[in-house]
Amino acid sequence: MLGMTLGEEKKESRSNMAKIIENLEFLARQGPALQGHSDEESNFIQLYHLRAKDNSKMIEWLKKKTNKYVTHDVQNEILEVMALQVLEAVASCIKNSRYFSILAEKCTDVAYKEKLTICIRWINDNLEPHEDFIGFYEISTIKADTIVLAIKDAIIRMNLTLANCRGQCYDAGCPMAGSRRSVAEQILKDAPKAHYTHCHGHALSLAVCDATKGSKLLADTLDIT
């Protein structure tokens, strides 16, 4: 900025960069959308302007044509770093607990791409259960071999040992729990104590669906065939 030395400019840039990271951390923590109908109206930029009311130099810095750290790519990169730090913290807790169970569910997103949701359930020293979301993994097919590779990759990235797995929880479909080369069978070969359990939520959903079919009024209302 005008009248500032190079060292002062660097210090100013670091300070504003820290505020950008803090803003992203806050928005990611609280859950509102980062973007809006335009970049200027986004929650991300508006939060920056709100904090700038006490420091006009923040707006001057943001208006500069160089050294901007507010692009979508930069935001995504910072969020990825934060996500990795969260996963590292979760992995550390699970490693201290040692044993864990795998929960996985496949689905198709709005772009018709197959996604695999992976969670890990574990119990801490106080016997309190935890169920942590690990991530969405895009898979090329819903074949068992592909899903097993995705699960093993997730376990490796968490720096966990599959042999310490003590349970598997999926739906009852053939790829996940069939008797021939299903996900449950393949994982069981590497983790002999990781016994399969049919997902209680999925089982309840199937039971409610079947019960609803017995009532024409409910079936027609919920469009269940």
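The values are calculated or read from the model by the stated rules, or taken from the named source; none is laboratory data. Bear in mind the structure is a predicted one, so any value in this text is a computation, not a measurement. Because the Cβ atoms are built from the backbone with ideal geometry, glycine has one as well, and the counts that use them run over all protein chains shown. The protein model used for the area step is the full one, side chains on, heavy atoms only, and it has no ligands, DNA or RNA in it. Shrake-Rupley method; radii C 1.70, N 1.55, O 1.52, S 1.80 Å.
Brief remarks follow.
- Every condition in (1) without any contact (Cβ under 8 Å) to a residue 24 or more places away in the chain; (2) outside any helix (DSSP H, G or I) holds for H130 except the one numbered (1).
- Cross-chain or 6+ apart pairs with Cβ under 7 Å, the range 22-39 first and closer than 13 Å to H72 by Cα and touching a residue at least 40 places away in the same chain (Cβ under 8 Å), then open to solvent by less than 50 Å² (accessible area, probe 1.4 Å) and among the polar types (S, T, N, Q): L24/Q75; L34/S42; L34/Q75
- Residue list for the range 113-122, filter: farther than 14 Å from C169 by Cβ and open to solvent by less than 90 Å² (accessible area, probe 1.4 Å): E114, K115
- Taken together, the residues in the range 90-127 that are part of a strand (DSSP E or B) and more than 19 Å from the chain's Cα centre (by Cα) amount to 1.
- Criterion violated by C209 - all others in (1) within 21 Å of the chain's Cα centre (by Cα); (2) of a type in the set (A, V, I, L, M, F, W, C); (3) at pLDDT below 90 satisfied: (1)
- Just so you know, in the range 65-74 the residues that are modelled with pLDDT under 85 and open to solvent by 50 Å² or more (accessible area, probe 1.4 Å) include one that is farthest from A154 (Cα to Cα), and it is K65.
- For beta carbons closer than 8 Å, sequence separation of 6+ or different chains, a first residue in the range 133-161 that is farther than 14 Å from E114 by Cα and a second that is open to solvent by less than 70 Å² (accessible area, probe 1.4 Å) and among the hydroxyl-bearing types (S, T, Y), the qualifying pairs are F133/T117; D153/Y137; A154/Y137.
- Selection count where residues are within 22 Å of A177 (Cα to Cα) and surrounded by 11 or more Cβ atoms within 10 Å (Cβ to Cβ), scope the range 75-112: 9
- Residue check, I151 in a helix (DSSP H, G or I), touching a strand residue (DSSP E or B) at 6+ places or on another chain (Cβ under 8 Å) and at pLDDT 90 or above: yes
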